Amino acid sequence: FEFNEYSDTSEWRTLNDGIMGGVSTSSFTIDKKGNGVFNGEVSTANNGGFASVRYNASVNVGNAKSIKIRLKGDGKDYQFRIKKSASDFESYITTFKTSGKWQTIEIKLSDLYPSFRGNKMDKPNFDDSKFEELSFLIANNNNEPFELLLDKIELEMITP
């Protein structure tokens, strides 16, 4: 997915702790420079503490070994998550730290571990040929504003 000023954000949807009574807020928009902007305010009130944005798409992994994401964060930690099937309970996740500057992070698919409601599951790491959902989540046990800019998300293929 490569963001630009004409990117359609209708398939990107936010899901926050309000589903459990929390009051965190978030939005996903495109800025004037064509970046995807995931921002808002995380609140730990009412047993809350997370905000996320999700994108449903059937992605064939093929011979990819990793996912590369060009982004600019605010110095906070975020989770990158995928689901094999959009209807699965568990997500395959990893945490990455942002630097406050533009950076490209590379996430090995085999490093994504299964988690459900914040608990690591006793299952193998991601090893499938496809996934149907990707998401970004912030949940640092803090009351805090956040902003994550996204430029590009791509599969890094194994070269022969």
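The values are calculated or read from the model by the stated rules, or taken from the named source; none is laboratory data. Keep in mind that this is a model prediction, so the values were computed, not measured. Don't worry about glycine lacking a Cβ; one is built from the backbone with ideal geometry, like all the others, and counts go over all protein chains shown. The protein model used for the area step is the full one, side chains on, heavy atoms only, and it has no ligands, DNA or RNA in it. Shrake-Rupley method; radii C 1.70, N 1.55, O 1.52, S 1.80 Å.
Let me make sure I get this right: for the chain, a, b and c are the square roots of the gyration tensor eigenvalues over alpha carbons, sorted descending. Under 1.5 in a/c it's rounded, otherwise prolate if a/b > b/c, else oblate. Which is it? It is oblate, given that a/c is not under 1.5 and a/b is not larger than b/c. Counting protein heavy atoms only, the chain has 45 percent of its accessible area on carbon and sulfur, 1.4 angstrom probe. On full extension, the segment bounded by N125 and W102 gains 5.4 nm, given 0.36 nm per residue less the C-alpha separation. With contacts taken as Cα pairs under 8 Å and at least 6 residues apart, the chain reaches a relative contact order of 31 percent. For region 59-101, the normalised intensity computed at q = 0.23, 0.25 Å⁻¹ comes to -0.92, -0.98 (log10 of I(q)/I(0), Debye sum over alpha carbons, equal scatterers, no solvent). A convex hull fitted to the Cα coordinates of region 1-66 yields 120 cubic angstrom per residue.
Taking all Cα pairs closer than 8 Å and separated by 6 or more residues, the relative contact order of region 5-89 comes to 26 percent. Among 70-76, 85-91, the peptide with the highest mean count of other Cβ atoms within 10 Å heads the list, and the full ranking is 70-76, 85-91. In region 1-49, Cα pairs under 8 Å separated by at least six residues give a relative contact order of 39 percent.
Over region 47-160, accessible surface divided per residue gives 52 Å², non-protein components excluded, 1.4 Å probe. Ligands, DNA and RNA aside, S10 has an accessible area near 80 Å² when probed at 1.4 Å. Springs join every pair of Cα atoms under 10 Å in this Gaussian network model of the chain, and among I19, I67, I82 the largest mean-square fluctuation is at I19.
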